[in-house]
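Okay, structure first, notes after.
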Amino acid sequence: MHEASLMSGLMRRIDTVARADGARRVTGISVWIGALCHMSAEHFAEHFEHASNGTIAEGARLDVTISDDTHDTNAQEIMLRHVEVES
């Protein structure tokens, strides 16, 4: 399950950022999805909703950018760009 592994890593990064900011909850996240990740924004949203259930990021607004550059060095990655929190 490629998606499960990607989402698990992303959720750990979101949690680390949020807790470092003393957040009560995450209200929004911005991610960049590489062209070779083979995940649409809708597919990502479904996996994020499942992965975030019961976490500090449950219900967070998503801002998803999909790359079309297959030669980018991060083309297989999901990169966390921004975490919006509520203290």
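None of the figures in this text is laboratory data; all of them are computed from the coordinates on show. This one's a predicted model, so the numbers in the text were calculated from it and none came from an experiment. Please note: Cβ atoms are built from the backbone with ideal geometry, for glycine as well, and neighbour counts cover all protein chains shown.
If you put +1 on each Lys and Arg Cβ and -1 on each Asp and Glu Cβ, how big is the dipole of the chain around its Cα centre, in Debye rounded to 20?
400
Filter the trypsin sites (Lys or Arg not before Pro) in segment 1-38 to those in DSSP coil with at most 14 other Cβ atoms within 10 Å of their Cβ, and list the result.
Within segment 1-38, the qualifying trypsin sites (Lys or Arg not before Pro) (loop, at most 14 other Cβ atoms within 10 Å) are Arg24.
With n ≥ 4 as the cut-off for DSSP H runs, can you work out [θ] at 222 nm for the chain, using -39500 (n - 2.57) per run divided by the number of residues, rounded to the nearest 500? Could the numbers behind the result be given before it?
Working: 2 runs with 31 residues, N = 87.
My calculation for the chain gives -11500 deg cm²/dmol from helical runs alone.
Can you give the translational diffusion coefficient of the chain in µm²/s, computed by Stokes-Einstein from the Kirkwood radius over Cα pairs at 10 °C and 1.306 mPa s? List each step's numbers first, then the result.
On the way: Rh = 13.0 Å.
Answer from the Stokes-Einstein relation: 122 µm²/s.
Quickly work out the Thr70-to-Ser30 label distance, labels modelled 7 Å from Cα along the C-beta direction, and quote it in nm with one decimal.
So the two model labels end up 2.8 nm from each other.
I want to verify a result. In a Gaussian network model of the chain, Cα cutoff 10 Å, which of these has the top mean-square fluctuation: Ala51, Ala20, Ala60?
Fluctuation is largest for Ala20.
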